[in-house]
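Enquirer: Before I ask anything, let me first share the structure, which is written out below as structure tokens.
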Amino acid sequence: MRDPYSVLGVSPSASDEEVKKAYRELARKYHPDNYQNNPLADLAEEKMKEINEAYDTITKQRSGGGGYQSSQSYGGSYQSSYQGGYSSSNQTYAQVRSMINAGDLAGAERLLFQVNQRDGEWYFLSGSIAYRKGWMDEAMQNYSRAVQLEPNNMEYRQALAIMQRGAGGYRPAGYGGGMDAMDCCTTMLCLNCLCGGGHC
Amino acid sequence: MFGYVRPFRPELKCKDFDLYRATYCGLCRCLRRRYGLIAPMFLNFDFTFLALVLWEEEEGWEPCRGRCHANPLVKKTMCVQSPALELAADESVILAWWKLRDSVQDEGFFAGLPARALSLLLRPAYRKAARQAPDFDRAVRGCLVELSALERENCPSLDRPADTFARLLQSAAPAEGTRGRVLGQLLYHLGRWIYLADARDDLEEDRQAGRYNPVTARYGPQGDDGALALTMDQSLGRMGEALQLGDFGCRSALLENMIYLGLPLVQRAVFDGSWAQIKKQKIWRNDT
């Protein structure tokens, strides 16, 4: 295993507070919420596991192997609730879901198109496949349709909400909130600065 | 179609600006050494981004001094030659070549003459580049054939043509391993974003010329800036997520600046029409 301090990007002499801060920042970055349905979700999950282990190791070492520290890290329980928490009553849909999770998008698409009756879940799954492929416009349309057909389904609504936040999600410190916080004048100023400022 | 990917300078640290400039100059020198005097003329900011992401992970970078191609009296700080830079140079020449061929096909005989002349000049460089990176050349050619077929049939989907261009750029990354997956996703969404930004930018021109435009085909003649901006934001979001999963060493901060600040501002400029002015400006100058 890698040195837990280098995983968190702090020096071994860092204070408990600094370690905690570094851990929080990394956990915010690789949180499963940011990578829902992302084709790279497994990589984020690995990173999350790595930093959780590193943090646990450090807290254990620092408290002298004592009792209280173990459950301080978070994140471990999220992945399972997204991947396995929702189930399909329909056999084909369940199969499509597992194919999507395994990354077999072409297969999932083929199977899904054999289904004649198109309900909310059909559109939701079709949207998930599009999302994974990076076809954001079609994902958006399909998710919207799914929510329209079954407005009370939390899974569909959550998927649509993630799409509607656009480029939101994690930003490193200093990039938070993007440019939306700026007023009109600053924006104009910024646009000029894209190229080093003004009349060149 | 090119020049959309640039850093946002006021938020850039001096060392990151130096790195950016050194990469730009290094790529220029690499193009000159490998492909002669013509190829560096086609250098642009997008190719510099490509060189930055393709670079091996390094904690620091070695600057070296070299003569500027544009002005041989001046010496500039440059990145040293490396396999990643050479790959970026090969791919840049291939992209520049196919972009020219695309213009030749799009325009009529007389309007296409400048592009025709330029492509004649670039031809030897392209031949060599296609030998160096045959897989990439094949992928680009294949995607462009698909793209022009979609354009001919006036494809009503926004994602389908954007996907074709996205896959084109995706093939610039090495295919294998975790690094390949991260870079692939990053470049895929960059390609999608560039295609859509370019389509929005050409909206007016295409309308007047009566040409195919994916934005018009999807949203109707007036377009729908809100929906288009949202779908482009989603690609920016995916790029940011991929960026965080990769190891870019000393280039992380620069790449973060380009993706989190530069691209959204360019997008905004494309939507409000100020891009036409901004794209002509250079990054380097400071003479306000």
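Enquirer: Quick one: compute the contact order of the range B:162-267, relative version, from alpha carbon pairs under 8 angstrom and 6+ residues apart, as a percent.
Expert: The normalised contact order for the range B:162-267 reaches 27 percent.
Enquirer: If you roll a 1.4 Å probe over chain B with all protein chains in place, what percent of the accessible area is carbon or sulfur?
Expert: Ligands and nucleic acids excluded, carbon and sulfur reach 52 percent.
Enquirer: Using a 10 Å cut-off on Cβ to Cβ distances, tally the other chain neighbours for every residue of B:145-154 and report the average as a whole number.
Expert: The mean count of partner-chain Cβ atoms within 10 Å per residue comes to 0.
Enquirer: Quick one: what Rg and Dmax do you get for the range B:194-288 from the alpha carbons, in Å?
Expert: When restricted to the Cα atoms of the range B:194-288, Rg and Dmax are 15.6, 47 Å.
Enquirer: Return the single residue from B:Phe45, B:Phe248, B:Phe109 with maximal mean-square fluctuation; model: Gaussian network over chain B, springs between Cα atoms under 10 Å.
Expert: Result: B:Phe109 has the largest fluctuation of those listed.
Enquirer: Across peptide B:260-271, what mean number of C-beta atoms from other chains lies inside 10 Å of a residue's C-beta?
Expert: Values: counts 8, 7, 1, 1, 7, 7, 2, 2, 5, 5, 0, 0.
Mean partner shielding for this stretch: 4.
Enquirer: Hey, what's the per residue convex hull volume over the C-alpha atoms of the range B:18-61, in cubic angstrom?
Expert: Roughly 70 Å³ of hull volume per residue.
Enquirer: Angle between the Cα long axis of helix B:113-132 and the longest principal axis of chain B, 0 to 90 degrees, nearest 10?
Expert: Compared with the principal axis, the helix lies near 60 degrees.
Enquirer: If you average over every viewing direction, what projected area does the convex hull of the Cα atoms of the range B:1-108 give, in nm²?
Expert: Orientation-averaged projected area of the Cα hull: 7.7 nm².
Enquirer: Which Cα, out of B:Leu27, B:Val182, A:Tyr55, lies furthest along the positive dipole direction of the protein assembly as shown (beta carbon charges, K/R +1, D/E -1)?
Expert: So the residue furthest toward the plus end is B:Leu27.
Enquirer: With everything on Cα atoms, drop me the angle between helix B:159-170 and the longest principal axis of chain B, reported from 0 to 90° to the nearest 10.
Expert: Roughly 20 degrees between the two axes.
Enquirer: After finding the eigenvalues of the alpha carbon gyration tensor for the range B:75-128, what semi-axes result from the square roots of 5 times each, listed largest first in whole Å? Please report the intermediate quantities before stating the final value.
Expert: Working: eigenvalues 161, 27, 16 Å².
Semi-axes (√(5λ), whole Å): 28, 12, 9.
Enquirer: What quantity of accessible surface, computed with a 1.4 Å probe and excluding non-protein components, is buried in total between chains B and A, in Å² to the nearest 100?
Expert: Its buried surface, counting both partners, is about 4100 Å².
Enquirer: Another one. Over the range B:189-244, calculate the relative contact order: mean separation of alpha carbon pairs under 8 Å at least 6 apart, over the residue count, as a percent. It would help to have the intermediate numbers written out before the result.
Expert: Numbers: 30 pairs, mean separation 25.4, N = 56.
Reported as a whole number, the value is 45 percent.
Enquirer: Right, something else. Kindly rank B:174-182, B:153-161 from highest to lowest mean number of other beta carbons found within 10 Å of each residue.
Expert: Highest-to-lowest ranking by the protection proxy: B:153-161, B:174-182.
Enquirer: If you don't mind, there's one more thing I want to ask. Using a 10 Å cut-off on Cβ to Cβ distances, tally the other chain neighbours for every residue of B:190-198 and report the average as a whole number.
Expert: For peptide B:190-198, the averaged partner shielding equals 1.
Enquirer: So what does log10 I(q)/I(0) come out to for chain B at q = 0.08, 0.15, 0.17 Å⁻¹, using the Debye formula with one equal point on every Cα and no solvent?
Expert: Summing over Cα pairs of chain B leads to -0.33, -1.27, -1.64.
Enquirer: What percentages, rounded to whole numbers, describe P(r) for the protein assembly as shown computed over all alpha carbon pairs with 10 Å bin width beginning at zero?
Expert: The percentages, shortest bin first, are 4, 17, 28, 27, 16, 7, 1, 0, 0.
Enquirer: A follow-up question, please. Please give the helix B:177-201 orientation as an angle from the longest Cα principal axis of chain B, in degrees from 0 to 90, rounded to the nearest 10.
Expert: Approximately 50 degrees, to the nearest 10.
Enquirer: Could I ask something else about it? Sorting A:Asp56, A:Asp104, B:Asp206 by accessible area (1.4 Å probe), largest first, what list results?
Expert: Largest accessible area first, the list is A:Asp104, A:Asp56, B:Asp206.
The values are calculated or read from the model by the stated rules, or taken from the named source; none is laboratory data. It should be emphasised that the depicted structure is a prediction, and the values quoted were computed from it without experimental measurement. Here the Cβ is made from the backbone with ideal geometry for all residues, glycine too, and neighbour counts use every protein chain on show. Heads up: the accessible areas ignore ligands, DNA and RNA and are worked out on the full protein's heavy atoms, side chains in. Shrake-Rupley method; radii C 1.70, N 1.55, O 1.52, S 1.80 Å.
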